Every structure is written in C-alpha cells, then in structure tokens.
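What follows is calculated from the coordinates using simple rules that are stated; it is not laboratory data. No experiment lies behind these values; they were computed from the predicted model shown.
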C-alpha cells in the first residue's frame, strides 16, 4: 500500500470509517442550531451591496447624522377621469390614519401629502410615508408596507391605489428573497434526487450522497453564520442562495466521480475497504484539484470593489471547501459502512465486466481519433458562431420594472405614478454640502438638466444643519432607475463638485446604481484575468505541463463565450428580458470557469494516468471511455442545480441560472467530450510539454474499438 493509499485507509478503514462518522455527527450536533440562524445574519441593506468607497455610500453614511436612515413608501391614487370628491375625502382619511401609524418602523407622523398632479381637476395624488431603516430595516420593510396597505385599502370603483417608491419596491424585493434558502434547498434537492436515480438506477445509493451534501451544507451555513456574527463577514440573500446551489452541485459532482471509481475497484477487489482506499488514492487528486480551483477562484472575488461581490467570495469558498471535505471523508466512510448492497439492484460484484469498456464513450473516442483535427476545427467554429450572440447582450443594468419575472404592485404603481408625476418622484437625489456654500450648490443642482427645480428642498424630519453641513433633496424628471437618470446624476455631480470649497457629494438611489455599475465594470476588468491565472496555475501544477493547461483554458473561454452568446439570444427572443445586470458576465464567468474546468480536470488527469502506460493517443480514448458517463451525469446534476435559480421571481437570478446551466451542458457534452478529446488526439504527446511524457512514446495508435480501454477506474 502506498503512502497516499494508506492515508485513504484512515478514512475508510475498518475502524477509521466509524471514527469519521462519529466526528461528523458531533460536528452536525454542534453546528445545526447555528445553520438555522444564517437567514438572521443576512445583511441586505444598501451598504452591503454598494462599494465602500463610492460617493453614494459616503452620502448614505453622512446622512444618518441628519436623520435616521429612511426609505419612503409612496402611496399612489389615480383615476383617469379625475379624482372625485369622494376620492379626495377617502385620501384625506387615509392620510389621517397613516399619521397615527408607527408599526415596523413606519414614521407615520412624518407622512407628507397628498400631493396632486395638478391644482385643478387632479387625476392622481401621492402620499409619502417614511420607513426607518436601521439594522433590522430589511427584515421589517415587508411588514411595514403591509401595515401601510392595511390603512389605505385597495381602492375600487375606478380608483387605483398602489404602494410604490423605494419602500414599495424594496418590500417586493424582500418578499422575493423570503424563503430563498428553503426554496433553493428543495429545488436543488429535487434535481439531485432525480439525477441520482437516473445515474445510479438505485433507490438506496442516492441517499448516501444526498445525506453527505446536506451535512456539508448545514456545516457550511453554521460556519458562515459564526463568521458573519463575529468576524464581520457580509452575507446577503444573493450569496446565501448561491451557497446552496454550489454546495449541492459541486458536492454531488465529487460524489459521482468517487462512486464511479469505487464501483470499478469493487469489480477488482473483494475487500470493499481496499477498493475504497484505492478509489480515493486514484480519484482523490482530481477531486482535490477541482475543489481547489473553485475555492481559489471564489476567493479572487475578494479583490472586488462591490461589497456584494466581495462578500460572495468567502461564502462560496467556505461552502465548496466544506463540501469537498465531506465528500472525501463522510461520503466514502458511509459507502464502506453500508457495503456493496447499497448499489442494489445493480451490485458490482468481484469479476463483473466494466460497462465502460465497450460503451458509448469508448466508441465516440475511436471515431474522433480517425480525424481529430477536422473534429476540433468544426467544433471550435460552431462555438465561435454561437458566441456571436454576444452582440445581443445588454449587460448595462436593468430597471426595477424589469427586475421581476412577474409584475408586483410596486412596479404597477411606478408605471401609474410616471403617467402623472415627475418620473423620479419618490426616489430623490440626496445632496450634502458645506453650509456656507449651500445656496450656490442648490442653484447648481436646480439649473442642471434632468432636475425638477421646484423640488429642491429640505425633507421633513431632517436637521437643518449638522457640524457645518447641510442636506437637501431634488427630484429628477426621469425614472430613478433609468439610464437617463444616471446621466443626470453625473451632470449634478459635475456641477456641485465645481463649486469651490463646497465639499459637495451626491447620493440617493440613482447615484447608488451608477456607482454599482462603475464598480462592477472595474471588477470585471480585474477579476476575470485573475481567475484565469489562478486556474492556469492549478492546471500546470496538476498536469505538470504547459501546453495542456493552455489548451484547456482556451476551450473554457470559448465555451463561456458561446454560453453567453446563446443566453443573450434566449433572453432577447425567448424570455423577453429587457437586459442583464452589469455583474452578470462576471458571475457567469467565475462559475463557468471554476466549475467547468472541473470536467476537464477529471478527464485530463485520467488521460495522463493512462498515457504513462499506453501512450497519449490511446490514453485519450481510454480516459474518455472511463470518465464519460460519470462526467455527463455530474454535468447534468450541476446544470440542474443552477437551473433551480430560475424558481426565484427575479430576473437576475434566472439569467445567471440559465447561463451557467447552459455553459455547464456545453462543457459536458461538447467541450470536454469532443473539443478537448480531439485537441489532445491531434497534438499527441507534445501536449505534456515540458514534462518527460512529451519526449517518451506517446503515439500509440488507436485501432480496435473492441480492445479494452479501461485500466483501473475513472
């Protein structure tokens, strides 16, 4: 027994397996209470998403000196034919009741309005109800808006009543995030169960990876909760949701690879402990390299300016690392404890033939070997053509109206409000300047194109000054989440920054969107190359080659471009989405490169193992035959778990889920099985340069499909 296999025996030995099980049970017993609290530790306030150095973030922090952080809910009343006397009386009664409201942070005493769209024969009215946003603001924004809705009623007889503005929209986003963990957990679990049943054809075997993945998820959630509470780790709804998908997807992938190798070793060894030790010894390096690729790629996100992106890095890395640990310890221990019968009804007995020897993937490898250059050339051209769909991509951000897969009340209210009032009402610019230059700053703002001059003023409940600073607001004529409004913010900033000694800053919802776009553009430029470098270094260390890693990186980039191209076409012409968020390309890239490279690692490490004994060309066909089925199954599981993001009623999640799932399928069925295989066959032994394999006999011809193409498991 080699040293590495001896280490593997510690996990799956006759005594070691029970030690591992007991240790994991203790871990789960200690961590389960904390895992359930992860939702409470989520921070979905604006500062958890905004870049810390952004001007809008600084305004948000300074404005707390003037007033408690507030977000206005806007109650919109409208009747196209004109508000009747009864309507106006009902609105007045609503305002009276709202002024007495104080539930869930609602500042009813500061209610403003009604404001009518015109002085005579008004058709619409707006009432502004501030909601205090403290450390629990995000959690109670939904109940706060519900309490406002209870007081204003539902209109009727032609009078439309809606709750919109930042408060109404935030409440709808909050409701969309409600139950995100459980929704994704059950969706991902359902996908995994179905795919494992199809893959294993065993109702008993699927329980082992499922239990192991759930144990990993609970442990990761508990660890992340503790870090969020005591080490300042930022967790929000986005990172918590992606955590579930990553742990289920990546963990199940590692389980599939280990089971495939274990099953092969069971056909060669009577002792299941010996079989598992060999399976871990031979498949372990590929699994560890794959997990390390994902973990390090996620940690690269720490270089991001966006708080939400930077926070996702360690959350995802912890999830994958714990999943990897569970699949290399708990999972093999459970398999050995239950014995061969767990594979029922297709039990791998000693001496039974390996179905991969003459399977689909063996035949495909032999066919590709006939004309590999033509195969990879045609495949690359097809993928390049698919990538032309990138011309249809609009990763410039999406408005609130386009952010939901359905149309909640706040969006309907926003559309109604824009017909009668300045489109930016309810979400104003927030300007802070030195008190001595306030008048000059105010004139500069009022004279800026896109600003409603008469809207300039001090909001109710705001201190007139604080330590020589003043705060005032201004309404924009364009919708607050539109590109036109962002251009207005740029003009206002240029105008106020030009006022000498004013030390003026411009914030508010639109300014925050603009700062997020700029930070994300910077993150795309910085992080994408860093991830490529990390992946390249891992591949070089694993394969001890330079040519093979460069080829693999090239195939993944081509796959990424094709996935984005096809996705953009689907978003435009199939789903009718208005566009993509600015961070969409970054997230899809990180997930596809980090996860998609896994399948290339599984394949190429097996090819390298076989090339030592058979030569590179024959090793390619053997590696494809041995790993084809398991990698296909793993790809389907990972694609299915990311597709589960589509169960959430938000376009950004649905787009990421669709694009990553599509990219994983391309990696599984096209890039790994066809493009990489044909490239390695065409380049031959030189693919291992500068390793000695590039100089030794690696040119064994591949002739007979009938000959054995499997050595010691895949």
TODO: Could you tell me how many degrees, from 0 to 90 and to the nearest 10, lie between the Cα long axis of helix 651-666 and the main elongation axis, the longest principal axis, of the Cα atoms of the chain?
DONE: 20 degrees
Open item on the list: Computed from the coordinates I sent, percent of Cα pairs over 49 Å apart equals one of [x] 26; [y] 52; [z] 15. Tell me the label.
Closed with: [x]
- [ ] Tell me what the chain gives for mean residue ellipticity at 222 nm when only DSSP H runs of n ≥ 4 count, each as -39,500 (n - 2.57), the sum divided by the residue total, rounded to 500 deg cm²/dmol.
- [x] -20000 deg cm²/dmol
- [ ] Note the angle between two axes, namely the Cα long axis of helix 165-177 and the longest principal axis of the Cα atoms of the chain, as a number of degrees from 0 to 90, rounded to the nearest 10.
- [x] 20 degrees
TODO: For region 426-514, calculate the relative contact order in percent as a whole number, restricting contacts to Cα pairs under 8 Å that are 6 or more residues apart.
DONE: 43 percent
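What does the C-alpha gyration tensor say about the overall shape of region 358-456? Classify as rounded when a/c is under 1.5, otherwise prolate if a/b is larger than b/c, or oblate. Present the calculation step by step, with values, prior to reporting the outcome.
On the way: a/c = 4.88, a/b = 2.92, b/c = 1.67.
Note, shape of region 358-456 comes out prolate.
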- [ ] Treating the angle as unsigned and between 0 and 90°, give the value, to the nearest 10°, between the Cα long axis of helix 137-152 and the longest Cα principal axis of the chain.
- [x] 50 degrees
